[in-house]
Structures are given as C-alpha cells and as structure tokens.
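Right, one structure below, let's go through it.
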Amino acid sequence: AAACGGGHSVVALRDGSCVAFGDDRNLQLGVRPATVKALRDGAPAVATPTTVRLPAGKRAVAVAAGGGGLEGGHTAFVLRDAAAGDGAADELWACGHGRWGQLGLKAYTHVSEPKALSALRGLVEYDEAAGRVKPIRIDGLACGERHTAALLSTGNVFTWGWNDDGQLG
C-alpha cells in the first residue's frame, strides 16, 4: 500500500514494515524518536525511504497521508498483531501535525512517533454464520488536508479533524 500527502509519501511493505520520505517539518514521517534533541536536530525533509518507527510485533496493512507544508502533514496507519495473523483486530495509529484533531489522539499537538488511537481499538461484532465474535476490520483509510476518515468492515465510517467545510459529514 502507498499514500501521498501534500509533501510526503508513505509505503507499507509486504513484510509489514513501512518507509516514509519527503517533508517532515510536522513530524509526519514517523521516523524520528520523541526526544527534544531529535526534534531540534532533525532534518525538515528526508530524501530517501526511511523506516517508520512502528511498535514491535505489529505489521502495517494500510497507510494514508494528508496535508503538507508549514501548516500540516499527517500520516495514519492500520496495524495488526504480526503473531495473530488475519484473526487479529485492526488498530489505527497516527503521527504528524495534530493542530486540528486530524490525528484522533484527543490532543491537538504534533506527534513524532506513531501513537495508537483508542477510539476504534478492539471493536468486535457477532458473526451469525460462524457463531462467534470476530474483530471489525478497517477496510479503508484516507487523510485529507486537515482530517482523516476510516471505513469499517461493517460499512460504518468514522471521520475526525477540521470540519470548516463540512468534510466530516
């Protein structure tokens, strides 16, 4: 999977890792540790694909990138537990510019290392045909300039971020 924001790109590789490159003025690449020194000394752009700092034991299955320039840039990831395989629940993670709530992290700050969104974590539904509870998947993910949207396997859509033109529906 691959996604392009206004000034950055992110790619989820077959092995579950991610690389990102381009504009990193708002920490949207997820390649720098969350230390003051790393933030102060970090380059405003990364010209070569660089490994995203994803949590251990997780694999990326989808990515989205949005915004760019001085006033934006964020990235969202759908991650699954690598050991659990396809039966694992999806998790949403995000990093970058969060001034308008587009990261979904309940904080309006920039985030350098991807952080988990709690709002859509651990969703399940009862499968009548299989007679068991199964995880609800995230079938689609997209980032706009200042907002993010996720499409669930149930058909529900969740949106968050800036809503100045009604883009959150």
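Numerical summary
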{"item": "Residue 4 accessible area, assembled protein chains, probe 1.4 Å, Å²", "result": "100"}
{"item": "At most 13 other Cβ within 10 Å, DSSP loop - trypsin sites (Lys or Arg not before Pro), segment 55-145", "result": "106, 121"}
{"item": "The chain: calculated mean residue ellipticity at 222 nm from DSSP helix runs of at least 4, using -39500 (n - 2.57)", "result": "-1000 deg cm²/dmol"}
{"item": "Accessible surface ranking that places the most exposed of 157, 52 first, with a 1.4 angstrom probe", "result": "157, 52"}
{"item": "Estimated dipole of the chain in Debye, rounded to 20 [Cβ of Lys and Arg +1, of Asp and Glu -1, Cα centre]", "result": "520"}
{"item": "Between segment 103-126 and segment 38-65, the Cα center-to-center distance that results, in Å", "result": "17"}
{"item": "Furthest towards positive pole of dipole, 47, 126, 148, structure part segment 43-169, Cβ charges", "result": "47"}
{"item": "Hz values of 3J(HN,Hα) by residue in segment 14-31 - Karplus curve (6.51, -1.76, 1.60), Gly and Pro given as x", "result": "4, 7, x, 7, 10, 10, 9, 7, x, 4, 10, 4, 10, 6, 6, 7, x, 10"}
{"item": "Per residue solvent-accessible surface (Å²) - the chain, probe of 1.4 Å", "result": "49"}
{"item": "Top of 42, 155, 73 by mean-square fluctuation, Gaussian network on the chain, Cα under 10 Å", "result": "155"}
{"item": "Over segment 77-166: Kirkwood hydrodynamic radius from C-alpha pairwise inverse distances, Å", "result": "14.0"}
{"item": "Among 75, 109, 148: highest mean-square fluctuation, GNM of the chain, C-alpha pairs under 10 Å", "result": "109"}
{"item": "Carbon/sulfur fraction of accessible area - segment 102-169, other protein chains in place, 1.4 Å, %", "result": "50"}
{"item": "Rule-of-thumb Rg ratio for the chain [Cα; 2.2 N^0.38 Å; N residues]", "result": "1.02"}
{"item": "Neighbour count of at most 15 Cβ within 10 Å plus DSSP loop: longest GluC sites (Glu not before Pro)-free window in the chain", "result": "1-70"}
{"item": "HN-Hα J in Hz across segment 108-122 - Karplus 6.51, -1.76, 1.60, θ = phi - 60°, x for Gly and Pro", "result": "9, 10, 7, 10, 7, 9, x, 10, 6, 8, 7, 4, 10, 7, x"}
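The values are calculated or read from the model by the stated rules, or taken from the named source; none is laboratory data. Treat the numbers as computed from the prediction; the structure is a model and nothing was measured. Note that we place each Cβ from the backbone using ideal geometry, even for glycine, and neighbour counts take in every protein chain shown. Surface areas here come from the heavy atoms of the whole protein model, side chains and all, with no ligands, DNA or RNA. Shrake-Rupley method; radii C 1.70, N 1.55, O 1.52, S 1.80 Å.
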